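Below is one structure, written out as structure tokens, with a few remarks after it.
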Amino acid sequence: MTGERNPYEGGQAPIKIRKVRRAGFTEREFDTGTVRINYAVGPDNGPPLVLVPAQTGVWQSYQRVMPALSTRFRVYAVDVRGHGRSTWTPGDYCWRSLGEDMRAFLRGVVGRPAIVAGNSSGGIIALWCAANAPELVSAVVLEDAPVFSAEMPRFKEHDRYVYEGLVHAAAVLGDLGGRDLADYLRGVTKPEPDGSERKMPEWFLNYLSRRITKFQHKHPGEPVDLRFMPLVARVMFMSLSMFDPDFARAFLDGRMYEGLDHAEALARVRCPLLVMHADWFRDPRRGLVGAMDDQDAARIMELVPHARYLRVHANHVIHFFKPAQYVRALGEFRDTIESLPAVS
């Protein structure tokens, strides 16, 4: 097995999220022969459902939906390489490598065709699987995935809001020995649909920096866990503390794009496909604020005529901010899959 060991890899700790633990989930790891994939798995209550988080995300981002989903599915939630307790592989991040990890996981752990549901970049990994490992995929859910918008040159030159965010992330998180996680929010402005911008006040970021430093000194070698923060911020900083910044750099220097053309992959999707589309708008200076616009969604439906489309008025991470709607959508999608003939 190759790959650089990240500071949190291996030695899975007991699941600390009470509702997830009570639902019967355990944390495990799988050695693909190239990397170790950390994951949580629940009881066998139905067809397999594999949840793939967004960039910087870890399996814990699904904690609001895992208990409910586990009543109808056998749920697997993974840490993608470069994230969480999975192996870091600086210099080797691309859609092909990430897809091959998932192919190995589906074959070696799940063992039967699964619904693969990915959020954001996790959705692109799910798309890779549908196109390249169709025998292992029964259906795919693209949860606000950046289909088309994360391809060059559009990603860098036109709809560049997310690209610029990755430039910032790579810069402030790149020094593993001296990075201050509070800097992830420092100097960042978020455009709003009305033309205004939001920015974190400096006094709060300085306070946050002190609290993070205090936690790291008191709990060396542990993921950052700011229990005083709202859950969304708590999960974000825990995820950032276990994120390899080279994953972000791979988007900037072009390595990530190896092995996947979005339109070509969509044209090869034969399994049922659910497209979940969150809110978006276009900023006049930085382009698309969101994962895809309505034209992108329409193009997906043209390339995959049998796909189903669901517009959700929610933040990009639908499963976290609209958990009940996400659970309902996946349950209804499962019912639809069971009633449909196979797509030829």
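Using only the alpha carbon atoms of segment 228-320, find the Kirkwood hydrodynamic radius as the inverse mean reciprocal pair distance, in angstroms to one decimal.
Roughly 16.1 Å, rounded to one decimal.
Hey, got a sec? Which chymotrypsin sites (Phe, Trp or Tyr not before Pro) in segment 162-267 land in a DSSP loop and have at most 16 other Cβ atoms within 10 Å?
Loop-located and lightly packed - PHE228.
Under a plain spin-label model, where a point goes 7 Å from the Cα along Cα-to-Cβ, how far apart in nm are ARG21 and ARG328?
Inter-label distance under the simple model: 3.1 nm.
Counting only protein heavy atoms and a 1.4 Å probe, tell me what percentage of the chain's accessible area is made up of carbon and sulfur.
Reported share for carbon and sulfur atoms: 52 percent.
Beyond 16 Å, what share of the Cα-Cα pairs of segment 149-207 remains, rounded to the nearest whole percent?
For segment 149-207, the share of Cα pairs beyond 16 Å comes to 56 percent.
With a ≥ b ≥ c taken as the square roots of the eigenvalues of the C-alpha gyration tensor of segment 111-222, please select rounded if a/c is under 1.5 and otherwise prolate if a/b is larger than b/c or oblate if it is not?
oblate
Below 16 Å, Cα to Cα, which aspartates and glutamates can LYS214 reach? Residues fewer than 8 away in the same chain don't count.
Here the aspartates and glutamates satisfying the reach criterion relative to LYS214 are ASP180, ASP183, GLU222, ASP225.
With only alpha-carbon atoms in the gyration tensor, what are the semi-axes of the equivalent ellipsoid for segment 6-151, in Å, largest first?
21, 18, 14
Be a star and scan segment 76-102 for residues whose amide nitrogen sits under 11 Å from the point 7 Å along the Cα-to-Cβ vector of GLU258.
91-98
Using only the Cα atoms, what convex hull volume per residue in Å³ does segment 285-342 have?
91
Give the lysines reachable from LYS218 as a straight Cα distance under 29 Å; neighbours fewer than 8 places away on the same chain don't count.
Cross-link targets: LYS16, LYS19.
Mind grabbing the accessible area of VAL327 for me, 1.4 Å probe, Å², rounded to tens?
30
Normalised by the empirical 2.2 N^0.38 Å for globular proteins, what value does the Cα Rg of the chain take?
0.94
Excluding residues on the same chain fewer than 8 positions from LYS190, give the lysines whose Cα lies under 16 Å from its Cα.
Once the sequence-local lysines are set aside, what remains near LYS190 is LYS199.
The values are calculated or read from the model by the stated rules, or taken from the named source; none is laboratory data. Small disclaimer: the values here were computed from a predicted structure and weren't measured. Note that each Cβ is placed from the backbone with ideal geometry, even for glycine, and that neighbours are counted across all protein chains shown. When the accessible area is computed, the model is the full protein with side chains, heavy atoms only, and any ligands, DNA or RNA have been set aside. Shrake-Rupley method; radii C 1.70, N 1.55, O 1.52, S 1.80 Å.
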